[in-house]
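There's a structure below that I have some questions on.
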Amino acid sequence: MTPFERPGRCCPKCENKGYMFWARKNVEEGKFVETKYRCRSCAHEWWERIPAPRGPKRSEDAA
Ligand SMILES: [Zn+2]
């Protein structure tokens, strides 16, 4: 079990659930995180954008 693979996700091209984490980058000044996946079946690669977790500082939320 790895934090990069989520249950229910699959390749948008062939719907194979066998994919692997490929890369990650922050976009839009860190507001979003884009994760690149690569399908193990058809080698299709795609980016998935998710809202970045709040941070990197947590001290702001503690107040
Ligand atoms: Zn595929």
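Tally the residues that are within 16 Å of CYS11 (Cβ to Cβ), hydrophobic (A, V, I, L, M, F, W, C) and in a strand (DSSP E or B), restricting the search to the range 24-51.
Of the residues in the range 24-51, the ones within 16 Å of CYS11 (Cβ to Cβ) are 35-48.
Subset that is hydrophobic (A, V, I, L, M, F, W, C): 39, 42-43, 46-47.
Of the ones still in play, those that are also in a strand (DSSP E or B) are 39, 46-47.
The qualifying residues number 3.
In this structure, is PRO12 at pLDDT below 60 and either surrounded by fewer than 13 Cβ atoms within 10 Å (Cβ to Cβ) or in a loop (DSSP other than H, G, I, E, B) (or both)?
Numbers: at pLDDT below 60: no; either surrounded by fewer than 13 Cβ atoms within 10 Å (Cβ to Cβ) or in a loop (DSSP other than H, G, I, E, B) (or both): yes.
The answer is no for PRO12.
The values are calculated or read from the model by the stated rules, or taken from the named source; none is laboratory data. Since the structure is predicted, the reported quantities are computational estimates derived from the model, not experimental observations. Glycine also receives a Cβ, built like all others from the backbone with ideal geometry; neighbour counts cover every protein chain displayed.
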